[in-house]
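The values are calculated or read from the model by the stated rules, or taken from the named source; none is laboratory data. Being a predicted model, the structure only gives us computed values, none of them experimental. Every residue, glycine as well, gets a Cβ built from its backbone with ideal geometry; the counts of neighbours run over all protein chains shown. When the accessible area is computed, the model is the full protein with side chains, heavy atoms only, and any ligands, DNA or RNA have been set aside. Shrake-Rupley method; radii C 1.70, N 1.55, O 1.52, S 1.80 Å.
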Amino acid sequence: MKFTDATTEEINAVMEKSWDAFLAYRKLPLQRRWEFMYAMANELDNIATPLVEIASQETNLPKDRLESERKRTVFQLKSYADACKRGDWLDIRIDTAIPDKTPPKPDIRKMMVPLGPVVVFGASNFPFAYSTAGGDTACAFAAGCPVIVKAHPAHAETSEMVANAIFAAAKKTHMPDGIFAHIHGEGFETGKTLVLHPRTKAVGFTGSFAGGKALFDVANQRKEPIPVFSEMGSVNPVFLLPEKLKQSAEQTAKMYAASITASVGQFCTNPGILIGIKGEALDRFLKSLSDEIKNIAPATMLHPGIAKAFVEKRQKALAQNGVHVAAVSSQQPQENQGLPTIATVSADEFLKNVLLHQEVFGPYSILVICENDQQMMEVALHLEGQLTSTIIATENDVQQHEPLIEAIKNICGRFIMNGVPTGVEVCLSMNHGGPYPATTDSRFTSVGADGIKRFVRPISFQNWPDSLLPDELKNDNPLGLWRTVNDSLSREAI
Ligand code: NAP
């Protein structure tokens with residue numbers, strides 16, 4: 001189905017309505033936000049079967065994978081709604097007055113308040129969890145912000161169905177008109193217009209580095225710059241340390257063949273670079289990985305644009321000095337299919353060529369072969385910011401490589417031991433983010449309820465009478481929130 005692109009006039013009208021909704025929504029009790037978000041989750045359950053059907057037609061992703069992503073999205077909405085009501089993200093600090101101090105200390109009380117309308121761009125590889133009703137939308141609603149979603153053209157109909165579910169939930173729970181808007185528009189002008197609009201107060205983006213950085217730059221050129229939380233591509237390096245590799249070369253290879261090719265390699269956490277030290281254990285690892293990869297069939301990618309980009313980036317990487325193909329699937333790819341591929345390169349060549357550090361979005365990974373520990377350390381020091389890094393290591397390996405471990409810690413948002421980076425658990429302790437260029441702001445996560453903190457700012461109230469303070473800050477703590485009162489965490493009344 002072809003949707004009509006929004007005109008500038010329509011975008012202006014949407015943004016004004018969104019601002020009016022913000023003025024009303026930010027004043028609603030946390031309980032009302034919770035009800036709205038649970039209603040959204042219920043609506044997504046009500047349309048589960050047709051939604052997964054349309055999404056699978058639009059994305060080529062298997063239905064069982066889409067159903068589990070849909071369930072994850074429902075869980076996300078409910079868990080962020082619960083976190084919204086629990087209110088930890090409000091970061092309440094209260095310092096009561098000390099009138100006889102010199103000079104007298106006033107009564108000061110701080111909490112978080114919402115930023116305003118948030119524009120959300122979702123990624124093509126997660127039509128539910130990182131799209132229309134995904135993590136950014138859920139976090140913004142929990143924070144008290146209206147949301148304007150720019151539909152991804154690769155799953156526009158799925159996006160439209162999810163948007164209708166959000167509209168239905170908003171109606172059922174009597175949310176202010178304009179709390180949510182859904183905008184179509186092919187080409188980058190629509191997105192740019194939304195980011196530049198003066199009523200837009202923050203942006204949540206999930207997608208490619210090129211897109212995330214471009215929109216970040218647009219926002220910084222505004223008369224009033226605004227935060228842009230771009231969650232972008234990553235190569236998620238995996239360091240194979242000697243003792244563990246010797247013990248488990250074959251098991252590790254098997255685990256990684258599956259991770260590299262899961263969902264045709266179309267995960268932001270796909271392990272794109274493997275780093276090992278040359279020797280018998282690494283030879284065994286490469287042989288097993290190659291054997292596995294040969295047996296994995298090519299599969300259809302999300303859309304022709306992604307398939308074309310994969311072919312081009314893969315070819316470009318393979319054409320670089322010193323890069324060799326170690327294995328490809330033994331089956332020929334059909335049109336728009338991604339061909340599972342493992343390449344190798346020496347660390348010497350890798351260190352000289354930054355093109356090899358870049359994401360090839362699809363079922364591709366390169367093994368960087370180091371001469372020794374020192375060269376592995378050099379590789380770690382050369383790598384850019386990442387969503388994740390992984391070590392395959394024994395405790396002894398970790399103790400023997402302390403400077404390497406510190407160097408890796410410095411570049412990643414999530415540090416995994418003896419596992420794979422694919423699979424992002426939705427929970428409060430999750431950090432899905434990382435130093436630039438993995439994201440444009442390494443201080444925040446886009447998965448887990450702490451993501452709410454992206455869309456709020458602090459405000460202090462000084463010397464306000466108790467009756468005029470927001471409920472969150474009142475002496476008798478009517479909402480039962482955890483608050484830091486005179487440096488001690490408490491839920492008691494003051
Ligand atoms: P994409 O091509 O960057 O598209 C994402 C959205 O941004 C689309 O709506 C697109 O607009 C818009 N956009 C892109 N460039 C723009 C520009 N210059 N100006 C205005 N709007 C722009 O990404 P994708 O292909 O959908 O997703 C795959 C990428 O996402 C991979 O690199 C993957 O690693 C990354 N990803 C990251 C995460 C994470 O959490 N870090 C999660 C999932 C995926 P149009 O609507 O016009 O196409």
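For this structure, a couple of remarks:
- Single unsatisfied condition, Tyr80 versus (1) open to solvent by 10 Å² or more (accessible area, probe 1.4 Å); (2) within 16 Å of Ser446 (Cα to Cα): (1)
- Residue selected from the stretch 416-435 under the condition among the hydrophobic types (A, V, I, L, M, F, W, C) and out of contact with any helix residue (DSSP H, G or I) (no Cβ under 6 Å at 6 or more places or on another chain), by the criterion surrounded by the fewest Cβ atoms within 10 Å (Cβ to Cβ): Cys427
- Within the stretch 217-245, the set of residues being more than 8 Å from the ligand (Cβ to nearest atom), under 30 Å from Leu274 (Cα atoms) and among the hydrophobic types (A, V, I, L, M, F, W, C) comprises Phe229, Val235, Val238, Phe239, Leu240, Leu241, Leu245.
- In the stretch 303-313, of all residues being in contact (Cβ under 8 Å) with a residue 12 or more places away in the chain and under 24 Å from Leu356 (Cβ atoms), the one that is surrounded by the fewest Cβ atoms within 10 Å (Cβ to Cβ) corresponds to Gly305.
- The condition of being out of contact with any helix residue (DSSP H, G or I) (no Cβ under 6 Å at 6 or more places or on another chain) and either more than 16 Å from the ligand (Cβ to nearest atom) or assigned by TED's automatic domain parsing to the domain that holds Ala129 (or both) holds for only one of Lys308, Lys294, that being Lys294.
- Odd one out for Glu378, checked against (1) touching a Cys at 6+ places or on another chain (Cβ under 9 Å); (2) among the acidic types (Asp, Glu); (3) open to solvent by less than 70 Å² (accessible area, probe 1.4 Å): (3)
- Those strands (runs of 3 or more DSSP E) of the stretch 78-164 in which at least 3 residues are more than 16 Å from the ligand (Cβ to nearest atom), considering only elements entirely within it, cover 93-95, 108-114.
- Checking Pro146, Pro114 one by one, the residue that is open to solvent by 10 Å² or more (accessible area, probe 1.4 Å) and touching a Phe, Trp or Tyr at 6+ places or on another chain (Cβ under 7 Å) is Pro114 and no other.
- For Asn463, the conditions (1) at positive phi; (2) touching an Asp or Glu at 6+ places or on another chain (Cβ under 6 Å); (3) open to solvent by less than 60 Å² (accessible area, probe 1.4 Å) are fulfilled apart from (3).
- Of the residues making up the stretch 320-353, those that are open to solvent by 50 Å² or more (accessible area, probe 1.4 Å) and either in a helix (DSSP H, G or I) or of a type in the set (Phe, Trp, Tyr) (or both) are Asp348, Lys352.
- Residue in the stretch 187-203 that is away from the ligand (no atom under 14 Å from the Cβ), buried (at least 24 other Cβ atoms within 10 Å of the Cβ) and part of a helix (DSSP H, G or I) present: no
- Those residues of the stretch 445-468 which are of a type in the set (A, V, I, L, M, F, W, C) and in contact with a strand residue (DSSP E or B) (Cβ under 6 Å, 6 or more places away or on another chain), in sequence order: Phe455, Val456, Ile459, Phe461
- If you go through the stretch 436-446 and keep only what is out of contact with any Asp or Glu (no Cβ under 8 Å at 6 or more places or on another chain) and either open to solvent by less than 50 Å² (accessible area, probe 1.4 Å) or free of Cβ contacts under 8 Å to residues at least 24 places away in the same chain (or both), you end up with Thr440, Asp441, Arg443, Thr445.
- Residue match in the stretch 434-446 (condition: outside any loop (DSSP other than H, G, I, E, B) and out of contact with any Pro (no Cβ under 6 Å at 6 or more places or on another chain)): yes
- Scanning the stretch 161-186 for residues that are in contact with a helix residue (DSSP H, G or I) (Cβ under 9 Å, 6 or more places away or on another chain) and closer than 26 Å to Asn60 by Cα yields Met161, Val162, Asn164, Ala165, Ile166, His182, Ile183, His184, Gly185, Glu186.
- Search result, residues across the stretch 25-65 that are in contact (Cβ under 8 Å) with a residue 24 or more places away in the chain, open to solvent by 50 Å² or more (accessible area, probe 1.4 Å) and in a loop (DSSP other than H, G, I, E, B): Arg26, Pro29, Asn60
- Total residues in the stretch 254-287, condition assigned to a helix (DSSP H, G or I) and open to solvent by 10 Å² or more (accessible area, probe 1.4 Å): 13
- Taking the criterion of being farther than 14 Å from Leu473 by Cβ and open to solvent by less than 10 Å² (accessible area, probe 1.4 Å), the only residue of the stretch 84-99 that qualifies is Cys84.
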